[in-house]
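K.L.:
Dropping the structure in here first, questions after.
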Amino acid sequence: MKLEDFESILKQHKKNRFNVKLLFVNNYDLVPSIKKIFNKNGFKIKDLREFQQKEDEWFGFSKLAKIIREITQPTVLFSVSEIVRFYSNEDFKAFFNQIFAIENRDFDIYIPVFGLKSRFLNDFYNSYYRKDEYEFFYEIDSEYKNILLYVVDFDISYPNRLDTVRDWLSFYNNPKNNLICLSKPLVKRIKNHIKDDLLKIEYIVNEKEFLEKYLKKSFPIEYKNSEKKLWKRLIKDLENTSLKELIQEKLNINQLKFVDILNKVCHQNNNRYLKWILKGYALKYLDDDNYSTAILKNADINKPFIYEVWFNIFDNFKKNYIQERFNILQEFYKNEKPNQKIESKLKEKLLNTQNTLSFLTGITKVEKELIINFCNKKEISLEQLKRIYPDLYFYLSDVEFKNNIDWVREYFKEYKISKITNKPTKRLSELLKEYNGSKDKFFGWYEDLNFKELYSFNDLSNFKKLWIDGLGIEWVGLIESYIKSKYQYNIECYLSKSKLPTKTECNRFENIKKVETLDKYIHEQKKYQYPLNLIEEIEIIKNIIDENIEDNLLIVSDHGFSPFCSFKNKINDFDNVDHEGRCAKIDDLIEDSNYFSYDFECGRYLVSLNHNSLSNKTRREAHGGVTPEEVIVPIIKIYKTNETFKEDKKEVKKKEIKRGFIEEELF
C-alpha cells in the first residue's frame, strides 16, 4: 500500500486484541515521511539508542521483547530491524512470538522493519498459528534500495565508519551506502546474518581487499602483514586519485629519467613506501623490456633501491640490459661512491660470473682492480678500457708537453705500462740504464735546458699557485683529461724537475698553497698494494683538483715517487739512510752504476740512480732518489676558455684524436 493509504488506516485506529504491528519498508529514504505520519497521529517516536546504557550494548531477543512490553503509550520504535536481522533463526522466531503475544492495551506499538519481509514470512509468519486471525503487519510500497555493509576486521580511518552498536542503531536516521563496520560487538553478531531483502554484507580481511572491494582500485602486489602500514597509507593516498596520478604527483614520472627517479628514491628518508608504490605501478602499467622496468618489478623494498640496479642483472640477465645498467649507474654515481656492502657483494658476484667484463662499470674499487688485471692479462681493448675506466685510460695516454723531451715521453709510457703489469718492462729497464746508468749519464739529461723552472712563470701574477706534494708527470694525462671534460678549461703542461735529493725539504715553494694529501697517502701505506694504490691515488688527485680548481691556476710539485723501489732486493748497505734508503747524508764523494754522492744545494747527499735503494728495499712507494719518476715533475697552467684560445683548442682537439698509445704499444 501507499503511505497515504497507511495513514488512513492509522487514523481509523481499529481496535485489535494484539497491540504490536510491523510496518515493512524497503527504502530507508521513507523514514522522514513515516515519522511525520506517526507524529501527526499522536505517536511517540523512539529508537533503541534510548535504551542503551553503553555505546556497544547489544539487545538479545528477550531483552528487546521486554523493552517493547514495557512501552506505555502509542509508540513507533525504530532500529529494531537493525538488531533483529542479526538474530539466529531460533532467536528470530522467539522474538516475534513474544512481541505478537502483547495484548489488551489501549494503544498500539508500530515497529518499522526494513528489508526483512522475505525472511519474516519464510522463517516465522507462514507457520505462525494466528496469522489468519489478526493483522500483524502492513507493507509500504517502495523501491528497493540496497545497503552494502563492509565488515572490516582491522582498524582503518575512513568515512562512513560504524565504530559502535549505537552508530548502527542511528543508521536509519541518516542512511548511507558503503558503510564500514568496525564495531567488534557488531561484527560478532553480523556473522549470524542471513540474507535479507536490503542489506548485503561484504567481508574484508585486510587492507588490500579494502582497496579492491571498497575503493574499487587494484594494486598488483601480494599482501604481506609486515607491509600493513604501507597499505594503510596507500588507501589514504588513493581516496581521491588514481595510482597513475599519485606516482606522477610524487615523482613526476612522465618527465623524469629513471636515474632521476632513482636519485629521488635513494635520497629520501623512509623511502619504503615510495619503492613499494613504484613497484606496483611498474607491475600494473609497464610492459617494456628494459632494465629499469625489470628493477622496479623485482624490487625488494626492504633493501636499498640501488642494490637492485647493481645486482638484478645477475639473476635476470638479458644482453640489452648491459648498456642501460651501465648508463644508470654512471649517472647515479657522478657525485657519490658505493658503500662497502655493495663492494663486497659485487666482488662475490663478479668472481662467480662468466663473461665478467660485460658486467663491469668501473665505479667500484673491486671493478677497477679487475679491470687492471684484465689490462695486465691483455684481455681488454683500449676502447673497452676507455668506456669502463676512462680515468685509467687517460692516465695511460700520452701528453703533449709544451717543452717535449722525446726520451721522457717513451720512458713514462713504459713506466705507466709497468705499473699496470706490476713489473718493470724490459724497455723501461733499458731506458733507466741508458739515462741513469752513471752520474754523468744522469746529469746529461738533468741539466737539459728544456726543463722549465717556476720563475719562468713569474708574469702570471693573476694565477693562483698550488703545490701538490708528490705529483710526478705520470699523472698529467689524467689531470689534463679530467679538467677538460669536467670543467672545460684550457690546460698547458710543461716538464720541470726537482732539486736533489728529491725530498720536500730540498724543494720548498714560498707563499704557495701546499696540498699534502697525495704525499701523505704514500707515506702512510705499510706496503705497496697492487693495484689498490694506483686506484686510490687516481681518486686522490681528482679530489685535489675538485677542491682547488679556479679560473686561473698554476700547479707545481716538489717530487714524484716510484713503486719499483720496493721490488728490488737489498744490494747496498749504507748507514744513516733517509726516505727508506733513497738518499743519505754522506761525507765522501763516491759513485758507481747504482748511486753517486754530490754537493747539492741541500748538502752532500748520496742518491740512488735506479730502483736499488741504498739499504733495505722500500716497503712502499718512495722518493728521494734520482730516477726520472722521482725527479721529473710537471708545471700545469690552467685557465678559462675564451676567444683568444679558440684556434689553440682546435689544434689540441686534432692532436687528442691521435693521442694515446696503440694497443700493441700498451700491451
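The values are calculated or read from the model by the stated rules, or taken from the named source; none is laboratory data. This structure is a prediction, so every number in the text was calculated from the model and none was measured. No Cβ is skipped: glycine too gets one built from the backbone with ideal geometry, and neighbour counts run over all protein chains shown. Each accessible area value is taken on the protein alone, full model and side chains, heavy atoms only, with ligands, DNA and RNA left out. Shrake-Rupley method; radii C 1.70, N 1.55, O 1.52, S 1.80 Å.
K.L.:
Based on what the data block shows, is I140 more than 20 Å from P175 (Cβ to Cβ) and open to solvent by less than 10 Å² (accessible area, probe 1.4 Å)?
P.N.:
On the way: more than 20 Å from P175 (Cβ to Cβ): no; open to solvent by less than 10 Å² (accessible area, probe 1.4 Å): yes.
It is false that I140 is more than 20 Å from P175 (Cβ to Cβ) and open to solvent by less than 10 Å² (accessible area, probe 1.4 Å).
K.L.:
Let me ask something else. I want to confirm something. Restricting to region 1-43 and keeping residues that are in contact with a helix residue (DSSP H, G or I) (Cβ under 9 Å, 6 or more places away or on another chain) and of a type in the set (S, T, Y), which single residue is surrounded by the most Cβ atoms within 10 Å (Cβ to Cβ)?
P.N.:
Y28
Per-residue answers, yes or no, for (1) buried (at least 18 other Cβ atoms within 10 Å of the Cβ); (2) touching a residue at least 60 places away in the same chain (Cβ under 8 Å); (3) among the acidic types (D, E):
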{"residue": "L360", "(1), (2), (3)": "yes, no, no"}
{"residue": "S397", "(1), (2), (3)": "yes, yes, no"}
{"residue": "D406", "(1), (2), (3)": "no, no, yes"}
{"residue": "Y435", "(1), (2), (3)": "yes, yes, no"}
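K.L.:
Another question, if that's okay. If I ask for residues that are in a helix (DSSP H, G or I) and either within 21 Å of the chain's Cα centre (by Cα) or modelled with pLDDT of 95 or more (or both), which ones from region 336-355 would you list?
P.N.:
Q340, K341, I342, E343, S344, K345, L346, K347, E348, K349, L350
K.L.:
Continuing with the same structure: Looking only at region 44-66, which residues are open to solvent by 20 Å² or more (accessible area, probe 1.4 Å) and touching a residue at least 60 places away in the same chain (Cβ under 8 Å)? Talk me through it step by step, then tell me what you get.
P.N.:
Residues of region 44-66 that are open to solvent by 20 Å² or more (accessible area, probe 1.4 Å), as a first pass: 44-46, 49-51, 53-58, 60-63, 66.
The answer is R49, E55, D56, E57, W58.
K.L.:
Within region 375-423, track down each residue that is basic (K, R) and within 33 Å of the chain's Cα centre (by Cα).
P.N.:
Here is the first cut: in region 375-423, the ones basic (K, R) are 377-378, 386-387, 402, 409, 413, 416, 419, 423.
Of everything in region 375-423, those that are basic (K, R) and within 33 Å of the chain's Cα centre (by Cα) turn out to be K386, R387.
K.L.:
Still on this structure: Taking T361, is it out of contact with any Asp or Glu (no Cβ under 7 Å at 6 or more places or on another chain), of a type in the set (V, I, T) and part of a loop (DSSP other than H, G, I, E, B)? So that I can check it myself, show each step before the final result.
P.N.:
Working: out of contact with any Asp or Glu (no Cβ under 7 Å at 6 or more places or on another chain): no; of a type in the set (V, I, T): yes; part of a loop (DSSP other than H, G, I, E, B): yes.
The answer is no for T361.
K.L.:
List the residue pairs whose Cβ atoms are under 6 Å apart, where the first residue sits in region 253-278 and is more than 22 Å from S242 (Cα to Cα), the second is open to solvent by 30 Å² or more (accessible area, probe 1.4 Å) and charged (D, E, K, R), and the two are 6 or more positions apart or on different chains.
P.N.:
Once the first residue is more than 22 Å from S242 (Cα to Cα) and sits in region 253-278, its partners that are open to solvent by 30 Å² or more (accessible area, probe 1.4 Å) and charged (D, E, K, R) give V259/E331.
K.L.:
Out of K63, K14, K36, report the one residue that is out of contact with any strand residue (DSSP E or B) (no Cβ under 6 Å at 6 or more places or on another chain) and assigned to a loop (DSSP other than H, G, I, E, B). So that I can check it myself, show each step before the final result.
P.N.:
Details: K63 fails: assigned to a loop (DSSP other than H, G, I, E, B); K36 fails: assigned to a loop (DSSP other than H, G, I, E, B).
After applying the criteria, what remains is K14.
K.L.:
Tally time: how many residues in region 8-39 are more than 60 Å from the chain's Cα centre (by Cα) and in contact (Cβ under 8 Å) with a residue 24 or more places away in the chain?
P.N.:
So the answer is 18.
Let's see how each residue does on (1) under 46 Å from the mean Cα position of the chain (by Cα); (2) without any contact (Cβ under 8 Å) to a residue 40 or more places away in the chain:
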| site | (1), (2) |
| --- | --- |
| Y128 | no, yes |
| E135 | no, no |
| L162 | yes, yes |
| N174 | no, yes |
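K.L.:
Let me ask something else about it. Out of all the residues in region 528-551, which are open to solvent by 40 Å² or more (accessible area, probe 1.4 Å) and of a type in the set (S, T, Y)?
P.N.:
Of everything in region 528-551, just one residue is open to solvent by 40 Å² or more (accessible area, probe 1.4 Å) and of a type in the set (S, T, Y), namely Y530.
K.L.:
Hey, can you tell me all the residues within region 187-198 that are crowded, with 16+ Cβ neighbours inside 10 Å and either outside any loop (DSSP other than H, G, I, E, B) or under 45 Å from the mean Cα position of the chain (by Cα) (or both)?
P.N.:
Residues satisfying the conditions are R189, I190.
K.L.:
Tell me which residues, restricted to region 36-73, are within 19 Å of F107 (Cβ to Cβ) and touching a Pro at 6+ places or on another chain (Cβ under 9 Å).
P.N.:
F38, N41, G42, F43, K44
K.L.:
Let me ask you something else. Whether any residue in region 479-492 is within 25 Å of G625 (Cα to Cα) and among the aromatic types (F, W, Y) is what I want to check. Walk me through it before giving the result.
P.N.:
Applying the first criterion (within 25 Å of G625 (Cα to Cα)) to region 479-492 yields 479.
The next check asks that each one be among the aromatic types (F, W, Y); those that pass are none.
For region 479-492, residues within 25 Å of G625 (Cα to Cα) and among the aromatic types (F, W, Y): absent.
K.L.:
Could I ask something else about it? Taking only region 387-437 into account, find how many residues are of a type in the set (V, I, T) and assigned to a helix (DSSP H, G or I). So that I can check it myself, show each step before the final result.
P.N.:
From region 387-437, those of a type in the set (V, I, T) are 388, 399, 405, 408, 417, 420-421, 425; that's our starting set.
Pick out the ones that are also assigned to a helix (DSSP H, G or I) and you get 388, 408, 417, 420-421.
Looking only at that region, the number is 5.
K.L.:
Given the criterion of a type in the set (K, R) and either in a helix (DSSP H, G or I) or surrounded by fewer than 17 Cβ atoms within 10 Å (Cβ to Cβ) (or both), identify the matching residue among R105, R130.
P.N.:
Selected residue: R130, the only one of R105, R130 that is of a type in the set (K, R) and either in a helix (DSSP H, G or I) or surrounded by fewer than 17 Cβ atoms within 10 Å (Cβ to Cβ) (or both).
K.L.:
Also: Please go through (1) touching a residue at least 24 places away in the same chain (Cβ under 8 Å); (2) in contact with a Phe, Trp or Tyr (Cβ under 8 Å, 6 or more places away or on another chain) for I540 and return the number of the only condition it doesn't satisfy.
P.N.:
Only one criterion is unmet by I540, namely (1).
K.L.:
Follow-up question, since we're still on this one. Say we look at region 196-227 and pick out the residues that are among the charged types (D, E, K, R) and in contact (Cβ under 8 Å) with a residue 24 or more places away in the chain; which of these is farthest from F171 (Cα to Cα)? Spell out the reasoning first.
P.N.:
Of the residues in region 196-227, the ones among the charged types (D, E, K, R) are 196-197, 200, 202, 207-209, 212-213, 216-217, 222, 224, 227.
When the remaining residues are screened for being in contact (Cβ under 8 Å) with a residue 24 or more places away in the chain, the result is 196-197, 200, 202, 207, 213, 217, 227.
Details: D196: 17, D197: 17, K200: 15, E202: 18, E207: 25, K213: 22, K217: 27, E227: 33 Å.
Looking at residues that are among the charged types (D, E, K, R) and in contact (Cβ under 8 Å) with a residue 24 or more places away in the chain, I get E227.
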